[in-house]
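One structure below.
The values are calculated or read from the model by the stated rules, or taken from the named source; none is laboratory data. Being a predicted model, the structure only gives us computed values, none of them experimental. Neighbour counts are summed over all protein chains in view; Cβ atoms, including those assigned to glycine, are modelled from backbone coordinates with ideal geometry.
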């Protein structure tokens, strides 16, 4: 069986998200983006700088789960007033493999250090909220080969659990089920019980997948 060693569950963002706030004539544009490497983060930042070339600042922060890397930049704002509050939004939400950048068009009114911290933090928080959060879990792929009557018995379990499955229908039904690794033993036990041992079960491939398990899943009972 393949080991799950080296894989780590983490929280990240579902998709790109944007925000826009106006404070004392300064315009703050927030951008949140899923990223998997420092190179990818820098590429997104380069694109933002080209798109908003006339902006005064492009401040940012990102965190990477695998490398344990955190980076931030004030991009010319007073030290600690931009990059740090953006990074704090990622830290407080426990979000990794994500980049948040905030582009500022200066409106001519100085906001002071406290005002800048609040503005960059607010723009970052709203961009993160627009992206939405999901949990990347260590999942195990479990392959099942079973009869059509057994499949009919198992179908409610698969639906109530909300597990992602792929299926092939031939002489028998072949299913590939992807579920959180901590649920695998209970899942195999229930499959065996409900099919009276008639299901052929193959286990052992681990991966990271976005997975949500409803509280009313049969495996939680």
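The residues of the stretch 66-122 that are loosely packed, with under 13 Cβ neighbours inside 10 Å and not in a helix (DSSP H, G or I), listed by number, are 67, 68, 76, 78, 79, 94, 108, 109, 110. Restricting the search to the stretch 132-152, which residues are surrounded by fewer than 17 Cβ atoms within 10 Å (Cβ to Cβ) and more than 30 Å from residue 17 (Cβ to Cβ)? 143, 147, 148, 149, 152 - these are the residues of the stretch 132-152 that are surrounded by fewer than 17 Cβ atoms within 10 Å (Cβ to Cβ) and more than 30 Å from residue 17 (Cβ to Cβ). For the stretch 34-43, state whether one or more residues are assigned to a strand (DSSP E or B), within 22 Å of residue 12 (Cα to Cα) and either in contact with a strand residue (DSSP E or B) (Cβ under 7 Å, 6 or more places away or on another chain) or without any contact (Cβ under 8 Å) to a residue 24 or more places away in the chain (or both). Yes, some residue in the stretch 34-43 is assigned to a strand (DSSP E or B), within 22 Å of residue 12 (Cα to Cα) and either in contact with a strand residue (DSSP E or B) (Cβ under 7 Å, 6 or more places away or on another chain) or without any contact (Cβ under 8 Å) to a residue 24 or more places away in the chain (or both).
The set of residues in the stretch 160-185 that are farther than 20 Å from residue 9 by Cα and either touching a helix residue (DSSP H, G or I) at 6+ places or on another chain (Cβ under 7 Å) or assigned to a strand (DSSP E or B) (or both) comprises 160, 165, 166, 167, 168, 169, 173, 174, 175, 176. Checked against (1) modelled with pLDDT of 95 or more; (2) outside any helix (DSSP H, G or I); (3) touching a helix residue (DSSP H, G or I) at 6+ places or on another chain (Cβ under 7 Å), residue 138 passes all but a single condition, namely (1). Note on the stretch 83-124: residues that are closer than 14 Å to residue 31 by Cα and without any contact (Cβ under 8 Å) to a residue 60 or more places away in the chain amount to 6.
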